[in-house]
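The values are calculated or read from the model by the stated rules, or taken from the named source; none is laboratory data. Predicted, not measured: the structure shown is a model, and the values here were computed from it. Cβ placement follows ideal geometry from the backbone for every residue including glycine, while neighbour counts extend to all protein chains displayed. Ligands, DNA and RNA are stripped out before the accessible areas are found, and what is left, the full protein with its side chains, is counted by its heavy atoms. Shrake-Rupley method; radii C 1.70, N 1.55, O 1.52, S 1.80 Å.
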Amino acid sequence: MPRNARLKTDDSIFYIMCKSISEVDLFKDDFDKEMYLRLVKKYKDLHDFKVYGYCLMDNHSHLMIDANGADISKVMHGINFSYAMYFNRKYGRDGHLFKDRFKSKIVANDKYLKALSLYMHNNPTSIVEYKNSPEKYAFSSLGIFLGKRSDSFKLVDYEFIMDFFGDNLKKARKSYYNLIFKCNEEKLKEEIEFEDEKTEYRSGRKIIIRNFNPDDILEYMSTKINISKSHICTKYSRNLVHAKALTVVLMRSLCNLRCHDISSILGNITQARVLKLSTIGIQLIGTEEKYENIIGDFIKCHA
């Protein structure tokens, strides 16, 4: 039986849940959970989406993602495919890890947004040692929301959610924490299972329109690094690796180009090389201060 087309728009906020197949835990140890969060961060840097919360349990994961103009299917395929490759290598196994496609629902209004966030962060209360202190669970963003620990992966935009729970952060955190325990989990399940409303939820957010011209990106990079566009498209040059890597990241993020398309633009390099350059570019954005805002800087120049 053919699967139904996934309901999605590029400017939506999504509640996403991924489950492993029944006989295998998705995460066997803490390092597996850390690896998954590293991959979320990697693809966040590549596609410039926003994360409004997460919770990783042993056999499933919860994410709230603002697509911010990106294709959520492409984002989640990248994250889950990369994690499955890592998992199978580590544990010497073959075959599928995830149960079917990831589940996603569009966050249609404020009521759903708040209910979802509470439900997601309520999950660790099912673990005996965290029943009365879910904020101490290391692989949920609740502790970050409440200011109990730092966001070591630099993943979560918690202030966006907190704005719905109080007119200042201290008050919002107190209200949020109380609601985690006062809310009825079954009631929350009812809230998050309601049918998708056919309305768009915008809440004043600015969405990136991903239809930039790749030639504009080449022009921007040539000016920024002071080299010619033709040099960036030279098939191989060790001295231009960083320029090519950042160009690939911008094209994948802002033009929604496939690796095959980028291969042709950059001098018929292999698709494997495009993926390698993408990884290098993401690392540069995450470690080099002069490049950390390169996606936003390009958008400002071409607004």
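Taking interchain pairs and intrachain pairs at least six residues apart, which have beta carbon atoms under 8 angstrom, with the first residue in region 206-231 and under 14 Å from LYS300 (Cβ atoms) and touching a residue at least 60 places away in the same chain (Cβ under 8 Å) and the second open to solvent by 30 Å² or more (accessible area, probe 1.4 Å) and outside any helix (DSSP H, G or I)?
Listed pairs, sorted by first residue: ILE208/ASP48; PHE212/HIS302; ASP216/HIS302; TYR220/HIS302.
Is it fair to say ASN213 is at pLDDT below 85 and of a type in the set (S, T, N, Q)?
no
Of the numbered conditions (1) more than 22 Å from LEU39 (Cα to Cα); (2) among the aliphatic types (A, V, I, L, M); (3) without any contact (Cβ under 8 Å) to a residue 12 or more places away in the chain, ALA272 satisfies every one except a single condition; which is it?
It is condition (1) that ALA272 fails.
Can you tell which of LYS136, LYS174 is surrounded by 13 or more Cβ atoms within 10 Å (Cβ to Cβ) and within 28 Å of ARG38 (Cα to Cα)?
Answer to the selection: LYS136.
Given the criterion of a type in the set (D, E, K, R), out of contact with any Lys or Arg (no Cβ under 9 Å at 6 or more places or on another chain) and modelled with pLDDT of 80 or more, identify the matching residue among LYS198, LYS189, LYS224.
LYS224
Residue under question is ASP71, and the condition is that it be out of contact with any Cys (no Cβ under 8 Å at 6 or more places or on another chain) and open to solvent by 10 Å² or more (accessible area, probe 1.4 Å); does it hold?
So ASP71 fits the description; yes.
Just name the residue that is most open to solvent (accessible area, probe 1.4 Å) out of those in region 263-280 that are closer than 13 Å to MET221 by Cβ and part of a helix (DSSP H, G or I).
Keep residues of region 263-280 that are closer than 13 Å to MET221 by Cβ, which gives 265-266, 277.
Checking which are part of a helix (DSSP H, G or I) leaves us with 265, 277.
Numbers: ILE265: 53, LEU277: 1 Å².
The extreme case among them is ILE265.
I'd like the residue in region 98-126 that is buried (at least 20 other Cβ atoms within 10 Å of the Cβ) and assigned to a loop (DSSP other than H, G, I, E, B) and, out of all such residues, is nearest to the chain's Cα centre (by Cα).
PHE102
Suppose we filter GLU135, GLU129 for residues that are under 22 Å from MET17 (Cα atoms) and either part of a loop (DSSP other than H, G, I, E, B) or modelled with pLDDT of 90 or more (or both); which single one remains?
The conditions single out GLU135.
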